[in-house]
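Q: Structure incoming, see below.
The values are calculated or read from the model by the stated rules, or taken from the named source; none is laboratory data. Please read these numbers as outputs of a predicted model, since none were measured by experiment. Glycine also receives a Cβ, built like all others from the backbone with ideal geometry; neighbour counts cover every protein chain displayed.
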Amino acid sequence: MTREEKIEKLRNLQKAYIIYSLYTRIPYVECEQANFYDQAFLFESREEAEEAAKRFIDNGDGVGITELKMVEMTPPEGMENVVPMRPMMRNQVREHLTKFPQLGINAVFFKPAGEAGESLPLDDVLPNEVKEALNRENTGLAGVQLTGIYFAQYLRRQEKDPAVSKERYEEFFANLARAKLFLPVIPQEEHRDDASLNLTQCMLPIYTPHQEGEQKAEDGQEEPPKIAALGLFTNMDEVAVHSRNHIKEVRVVRVAVEEIRNFVPENVNYIVIDPLTMSITLKVDDVVRVLKEIKGE
């Protein structure tokens, strides 16, 4: 099968298997060594996807496979009794392809069943109108997401090379220093329509992230203290999931990490970036110090 045939097949694929990271709960990403693409992995055959996943696991990466397929769309609220001519379907393969650029992923390793796999740049896969729409919607946070994915994947491996850990750390913080992240807040009712918000008077997204090695208390003992972390986000999809129960009240602002001491409560000493996926938990004082050093402040 030629490269052009693989691209055409990928564009029209209705069922595939993707390698997912068990550490971030989003597609596993790896740097391809020929052209240095940051690529995800798609397979037409479940068996071949499972074989590939086993190789990653043997190399120390925590991964699994997820089936992508055509699924029927749920009718919008209030439209349940409207019977369409035919069911409306979502192509999960196509959804993933269009979301990859928002994660900083610029290629996909695609293996058709029984054929050799190949790294295909998304610039060649996605139609021009889709690429133009994605460029218009780009939030400037793709670098934080991509280096965050690499950081989170490697940080949670059982065995780590200190040199690689240092490289992942530095790449992530270099991008974080240049970014303003999404912060979904709920203003007080009387201030919902204010042009600017006083964040000290808003309800903030506070999480108690899972801590590595955390254990339950024995009978009769007190539970270990939970850390309180401010949730910050690199993409609006995760903001929407976080806010789904209060979507009408939520306002989204952009903040630099160094600014958060200006409005977080004193007992919140951590941040958690993308708490529903990457879940990168950092101590506020430490991350502020590092970011100021990077900026030469």
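Q: When residues of segment 167-189 are filtered for being among the basic types (Lys, Arg) and closer than 19 Å to Ser279 by Cα, how many remain?
A: Qualifying residue count, segment 167-189: 2.
Q: State whether one or more residues within segment 21-34 are of a type in the set (A, V, I, L, M, F, W, C), in contact (Cβ under 8 Å) with a residue 60 or more places away in the chain, assigned to a loop (DSSP other than H, G, I, E, B) and surrounded by 14 or more Cβ atoms within 10 Å (Cβ to Cβ).
A: yes
For (1) in the same structural domain as Tyr154 (by TED's automatic domain parsing); (2) part of a helix (DSSP H, G or I); (3) more than 18 Å from the chain's Cα centre (by Cα), each residue gets a yes or a no:
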{"position": "Ala240", "(1), (2), (3)": "yes, yes, no"}
{"position": "Val252", "(1), (2), (3)": "yes, no, no"}
{"position": "Glu259", "(1), (2), (3)": "yes, yes, yes"}
{"position": "Met278", "(1), (2), (3)": "yes, no, no"}
{"position": "Val288", "(1), (2), (3)": "yes, yes, yes"}
{"position": "Leu291", "(1), (2), (3)": "yes, yes, yes"}
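Q: Separate question: It is to be established whether one or more residues within segment 93-109 are at pLDDT 95 or above, in contact with a Gly (Cβ under 8 Å, 6 or more places away or on another chain), closer than 18 Å to Glu4 by Cα and assigned to a strand (DSSP E or B). Can you show your working first?
A: The initial filter retains those residues of segment 93-109 that are at pLDDT 95 or above, namely 107-109.
Remaining after also requiring in contact with a Gly (Cβ under 8 Å, 6 or more places away or on another chain): 109.
Among the residues that remain, those that are also closer than 18 Å to Glu4 by Cα are: 109.
From what's left, assigned to a strand (DSSP E or B): 109.
Yes, because at least one residue in segment 93-109 is at pLDDT 95 or above, in contact with a Gly (Cβ under 8 Å, 6 or more places away or on another chain), closer than 18 Å to Glu4 by Cα and assigned to a strand (DSSP E or B).
Q: Filter segment 153-182 for residues that are in a loop (DSSP other than H, G, I, E, B), touching a residue at least 24 places away in the same chain (Cβ under 8 Å) and more than 17 Å from Ile294 (Cα to Cα) and give the result.
A: First, pick out the residues of segment 153-182 that are in a loop (DSSP other than H, G, I, E, B): 156-161, 177-180.
Still in the list and also touching a residue at least 24 places away in the same chain (Cβ under 8 Å): 156-159, 177-180.
Arg156, Arg157, Gln158, Glu159, listed by residue number.
Q: Test each condition in (1) farther than 19 Å from Ile149 by Cβ; (2) at pLDDT 95 or above; (3) of a type outside the set (A, V, I, L, M, F, W, C) for Ser21 and report the one that comes out false.
A: (1)
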